[in-house]
Amino acid sequence: MIATSAIADIYIMATGGPDSPWVAKAVPLPGMLQVACWISFLFWFYRCRCNAEVLAPGTHKYSPAFALGAWIIPLAMWWLPRRITLDIRRAGGPPLDVWLINAWWFVWLCDGPISVAVHLLILHQTNYHNPVDHSISVLTSILAIAIIRRVTADQPAGPLPYLNMT
């Protein structure tokens, strides 16, 4: 029943034109871009974790596959990805920028609760499009870009002899 309803909804969206009530519920372009950024980040994170194993073999507590899985484990997702990021960073040399990883992680963790508090307690609304919400998201993105640049720069350029997956 649900699959039939979903197929009917897709058909109406595809053929209903701009007057269709389903068009307003379609995923907007920014949502698709955000999902693409998440997927790209996870691919990057996995490759960096594989590189870290080659750079510092045997010094990591979590496997490369777990580097991806850590992001979706309830409760553990609040600290395990940070630990894995620190391990990846340590493999590239002495971690002089732990503060950057900690700042990124702190802002990323606070993004949700601060957004909810601002919307429900201060603004008394459920519309999540305001300057506070967007500012925190932009700050999180800037810090994530800084982490990506720093970790990538600390890993050697060129192909690494990746782990033999056979």
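Among the residues of region 87-108, write down those that are open to solvent by less than 70 Å² (accessible area, probe 1.4 Å) and within 18 Å of I145 (Cβ to Cβ).
I88, R89, G92, D97, V98, L100, I101, N102, A103, W104, W105, V107
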Revision key, fill the gap. Flagged pairs (Cβ under 8 angstrom, 6 or more apart or on separate chains; first in region 63-75, open to solvent by 60 Å² or more (accessible area, probe 1.4 Å); second in a loop (DSSP other than H, G, I, E, B)) are none
Review point. Within region 127-166, which residues are at pLDDT below 65 and of a type in the set (G, A, S)?
Key: G158
Check your understanding: Quick one: how many residues across region 109-121 are charged (D, E, K, R) and open to solvent by 60 Å² or more (accessible area, probe 1.4 Å)?
Key -> 0
Check your understanding: Of all residues in region 42-59, which are open to solvent by 30 Å² or more (accessible area, probe 1.4 Å) and either among the aliphatic types (A, V, I, L, M) or without any contact (Cβ under 8 Å) to a residue 40 or more places away in the chain (or both)?
Key -> L42, F43, Y46, R47, V54, L55, P57, G58, T59
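Look through region 41-79, keep the residues that are among the small types (G, A, S) and within 21 Å of A153 (Cα to Cα), and return whichever of them is modelled with the lowest pLDDT. Full working, then the answer.
Of the residues in region 41-79, the ones among the small types (G, A, S) are 52, 56, 58, 63, 65, 67, 69-70, 76.
With the extra rule that they be within 21 Å of A153 (Cα to Cα), the set shrinks to 52, 56, 67.
Numbers: A52: 89, A56: 85, A67: 89.
Only one residue tops the list, namely A56.
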Review point. Name the pairs: first residue in region 87-108 and free of Cβ contacts under 8 Å to residues at least 40 places away in the same chain, second residue loosely packed, with under 15 Cβ neighbours inside 10 Å and outside any helix (DSSP H, G or I), Cβ to Cβ under 8 Å, at least 6 apart or on different chains?
Key: D87/T59; D87/K61; R90/T59
Check your understanding: Of all helices (runs of 4 or more DSSP H) completely enclosed by region 44-116, which ones contain at least 2 residues that are of a type in the set (V, I, T)?
Key -> 80-91, 98-116
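The values are calculated or read from the model by the stated rules, or taken from the named source; none is laboratory data. All values reported here derive from a predicted model rather than from experimental measurement. All Cβ positions, glycine included, derive from the backbone under ideal geometry; neighbour counts span all protein chains shown. Ligands, DNA and RNA are excluded from the accessible area calculation, which covers all protein heavy atoms including side chains. Shrake-Rupley method; radii C 1.70, N 1.55, O 1.52, S 1.80 Å.
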